[in-house]
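Here is the structure we will look at.
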């Protein structure tokens, strides 16, 4: 179901997978993305989510490719290593002016950059914006965007946090 801006006014928040996996915080109406639904592997939890979708407490929100590209670009610039689902959640919040409910610091970090409201669960909220660089521990080559392995020597890259 593709929601429009008008229908998002009633549902002012979007949940990431951590809310479903670690919380009973789904008492309020809100959104998830298809990626969140796909990340819920436990059959009992999937059935709970399906029930919330059936009774209208949750709705699946589609996100434009433009919004996803914008988030992916920011993610790359900050070397945050967000999953595709994380990018969908941030893109939906950005596009539809939704508050993100998440315990994921990487999501919170990009949300702060975008001035998208968020609320932490399980753990405390991230209060600062962090940028990451990727450094090869063998040859010390520095990458500004996320990489798994060094282009020069093939060693696994180490991610280092830089507060900005």
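The numbers here are math on the coordinates, done by the rules we state, and not lab data. What you see is a predicted model; the values in this text were computed from it and never measured. Using ideal geometry, Cβ is built from the backbone for each residue, glycine included, and neighbour counts are taken over all protein chains shown.
When the convex hull of the C-alpha atoms of region 46-115 is computed, what volume per residue in Å³ does it have? Mind showing how you got there, number by number?
Working: hull volume 6.7 nm³, N = 70.
Enclosed volume per residue, from the Cα hull, is 95 Å³.
Viscosity 1.002 mPa s, temperature 20 °C: Stokes-Einstein D of region 29-155 from its Kirkwood Cα radius, in µm² per second? Can you show the working numbers first?
Values: Rh = 16.0 Å.
Answer from the Stokes-Einstein relation: 134 µm²/s.
On average over all directions, what projected area in square nanometres does region 32-87 have, based on the convex hull of its Cα atoms?
4.3
Which order, highest average first, do 132-139, 109-116 follow once you tally other Cβ atoms within 10 Å for each residue and take the mean per peptide?
Details: 132-139: 16.0, 109-116: 19.6.
Highest-to-lowest ranking by the protection proxy: 109-116, 132-139.
How do 52-60, 100-108, 147-155, 80-88 rank on mean C-beta neighbours within 10 Å, highest first? Don't skip to the end; give the middle numbers.
Numbers: 52-60: 15.1, 100-108: 23.6, 147-155: 12.4, 80-88: 20.1.
Averaged packing, sorted descending, gives the order 100-108, 80-88, 52-60, 147-155.
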